[in-house]
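One structure is given below, encoded as structure tokens.
The values are calculated or read from the model by the stated rules, or taken from the named source; none is laboratory data. All of these numbers come straight from a predicted model, not from anything done at the bench. Because the Cβ atoms are built from the backbone with ideal geometry, glycine has one as well, and the counts that use them run over all protein chains shown.
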Amino acid sequence: MKAIVLIGSKADLDYAREIAEKLKLFGIESELRIASAHKTPEYLLEILKSYENEEVIFITIAGRSNALSGFVDANTLKPVIASPPYSDKFAGVDLFSSIRMPSGVAPMLVLEAENTALAVAKIFAMKDESVRKAVKDYQRKKKEEIIKADRGADHG
């Protein structure tokens, strides 16, 4: 059980590492791989094939034109979570390439590193009790943060 973080280019390596760190909160291992749907499609297919017999979830990170997520999803039976990094350069408009997919291609779109890790954890929690406990603890802490903030707020 692990997450395979597929990065379209080394430019997104820092964001991929952030996701890997957040996955550790839930006790989930990860591997970071770099391959481009545009530039190295054959190599990307080899990577996908190498995980065929493992329990993995693919996280795809690609900015600009996100062919990576659709390509990966169309070539695997495993869950695929698209987690494109936000770019001020395009004011978020580049996210559209992650939203509209052709029929039969359905990667999930989750923004932000922590939320991406949580989505992976919730999928694995369906089968793994330790991950399920980690998700419950995470959610409890998030609720406690809100209640604590309310108690410290000015209600006057």
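Observations
- The listed residues are 30, 87, and the only one of them that is of a type in the set (Gly, Ala, Ser) and surrounded by fewer than 20 Cβ atoms within 10 Å (Cβ to Cβ) turns out to be 87.
- Of the residues making up the stretch 44-91, those that are among the charged types (D, E, K, R), modelled with pLDDT under 95 and on the phi < 0 side of the Ramachandran plot are 88, 89.
- Subset of the stretch 70-93 that is touching a Phe, Trp or Tyr at 6+ places or on another chain (Cβ under 9 Å) and part of a helix (DSSP H, G or I) - its residue that is nearest to residue 4 (Cα to Cα): 72
- Set 98, 65, 130: member being under 22 Å from residue 4 (Cβ atoms), more than 19 Å from the chain's Cα centre (by Cα) and not in a strand (DSSP E or B): 130
- Filtered by the rule that a residue be of a type in the set (Gly, Ala, Ser), outside any helix (DSSP H, G or I) and touching a strand residue (DSSP E or B) at 6+ places or on another chain (Cβ under 8 Å), the stretch 1-58 gives 3, 8, 9, 30, 35.
- Of the criteria (1) in contact (Cβ under 8 Å) with a residue 24 or more places away in the chain; (2) surrounded by 15 or more Cβ atoms within 10 Å (Cβ to Cβ); (3) at negative phi; (4) not aromatic (Phe, Trp, Tyr), which one residue 20 fails: (1)
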